[in-house]
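Encoded as structure tokens, the structure appears first; notes follow it.
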Amino acid sequence: MELYGRSFASRLMLGTAQYPSPAILAEAVTASGAGIVTVSLRREAGIERAGEAFWSLIRDLGVAVLPNTAGCHSVREAVTTAKMAREVFGTSWIKLEVIGEADTLQPDLFGLVEAARILTEDGFDVLPYTTEDLVAAERLLEAGCRVLMPWGAPIGSARGLNNVYGLRAMRAHFPDVPLIVDAGIGLPSHAAAAMELGYDGILLNTAVARAGDPAAMARAFAQAIEAGRLGFEAGPMEARDMAAPSTPVFGKAALA
Amino acid sequence: MRILLNGKAAEIEAATLAMALAELGYDDRLVATALNRDFVPADERAATILNEGDRIEVLSPMQGG
């Protein structure tokens, strides 16, 4: 998978939040084979060093980091957060989230496009968390985005691919743009289904972090993503409404 | 002077953002700063004068999805 000129052996991008412990997070990242993990910025009290401990753990894993602007509801908030993240994490990559609605955590596509334009002009490589809306996708590309990350379903919902038709249309519409399904994935089969549609990768977090055995689930996702991609590349057959015998009818004995 | 640090009121002697970070115990920490909702790069903190009622955000790396 190639994103902004960087190649990654794995098509899985893993979030780092909500794990039972830092050790289990590290195990899960290693088991997943992910080459990219998402990180964030939050307020730090002066006496703690929680942020530095976390950052040190991530650096030891030797993976690329993708900072996010999670929780930002306005363009200004998202842009400021992105600039702060660039300085702290030393990367111009940003997973751009501008949240528009509290119940679904649906992106505010208008704010997203505006923030994406400001950030790409400032030298950021923007990976926007968007929907499968084709018009918004066009606008994001015009704003300078070179990767699009449509949702599968609302963040943390584990509902899988809510709009397969829309995701398929998006893939067909942008054959050359790296497309990552970000959010809503609950099961390895959801990830495999997205890969079978021809998506370039999957970004997920909760499905692994909240599994009974996060490292095992991380492995399961890695295998599902590989299987789904291989299936896509192998050229799946078209579905049809009626049965068609797979065993040849010619030469069948007359025993009836 | 009174400022708001990460949403909480604080009383500081410092005149600049860099001095405020030292006074508040952040001097050697890996943090990013914002003043009144605008990003202040690390190399501009020493020249950033603080005023009464300023809102300072001090952020550090955190888990994220």
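The values are calculated or read from the model by the stated rules, or taken from the named source; none is laboratory data. Keep in mind it's a predicted model, so treat the numbers as computed, not measured. Using ideal geometry, Cβ is built from the backbone for each residue, glycine included, and neighbour counts are taken over all protein chains shown. Side chains included, ligands, DNA and RNA excluded: accessible areas come from the protein's heavy atoms. Shrake-Rupley method; radii C 1.70, N 1.55, O 1.52, S 1.80 Å.
Data overview
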read-out	value
Enumeration of residues in segment B:37-46 that are of a type in the set (Gly, Ala, Ser) and either without any contact (Cβ under 8 Å) to a residue 24 or more places away in the chain or under 18 Å from A:Thr81 (Cβ atoms) (or both)	B:Ala42
Check on B:Ala32, closer than 17 Å to A:Arg49 by Cα and touching a residue at least 24 places away in the same chain (Cβ under 8 Å)	yes
Residue in segment A:142-157 that is surrounded by fewer than 23 Cβ atoms within 10 Å (Cβ to Cβ) and assigned to a helix (DSSP H, G or I) present	yes
Tally, over segment A:14-54, of residues that are in contact (Cβ under 8 Å) with a residue 12 or more places away in the chain and under 28 Å from A:Ala191 (Cβ atoms)	27
Filter pass, A:Val65 being within 12 Å of chain B (Cβ to nearest Cβ) and either of a type outside the set (A, V, I, L, M) or farther than 24 Å from B:Leu24 by Cα (or both)	yes
Residue match in segment A:78-91 (condition: without any contact (Cβ under 8 Å) to a residue 60 or more places away in the chain and farther than 18 Å from B:Val40 by Cα)	no
Test: residue in segment A:210-221 that is within 12 Å of the chain's Cα centre (by Cα) and assigned to a helix (DSSP H, G or I)	no
Meets criteria (farther than 19 Å from A:Ala137 by Cα, in contact with a strand residue (DSSP E or B) (Cβ under 8 Å, 6 or more places away or on another chain), assigned to a strand (DSSP E or B) and not acidic (Asp, Glu)) for A:Leu25	no
Which numbered condition A:Thr91 fails, given (1) among the hydroxyl-bearing types (Ser, Thr, Tyr); (2) assigned to a helix (DSSP H, G or I); (3) more than 24 Å from A:Ala207 (Cα to Cα)	(2)
Enumeration of residues in segment A:28-62 that are within 27 Å of A:Asp200 (Cβ to Cβ) and either assigned to a loop (DSSP other than H, G, I, E, B) or within 7 Å of chain B (Cβ to nearest Cβ) (or both)	A:Gly33, A:Ala34, A:Gly35, A:Thr38, A:Val39, A:Ser40, A:Leu41, A:Leu61, A:Gly62
Per-region count, segment B:37-49, residues more than 7 Å from every other protein chain (Cβ to nearest Cβ) and surrounded by 13 or more Cβ atoms within 10 Å (Cβ to Cβ)	4
Residues being facing another protein chain (nearest Cβ under 7 Å) and over 20 Å from A:Lys83 (Cα atoms) - total across segment B:11-36	2
Out of A:Val29, A:Val37, A:Val98, A:Val79, sole residue that is open to solvent by 10 Å² or more (accessible area, probe 1.4 Å) and β-branched (Val, Ile, Thr)	A:Val79
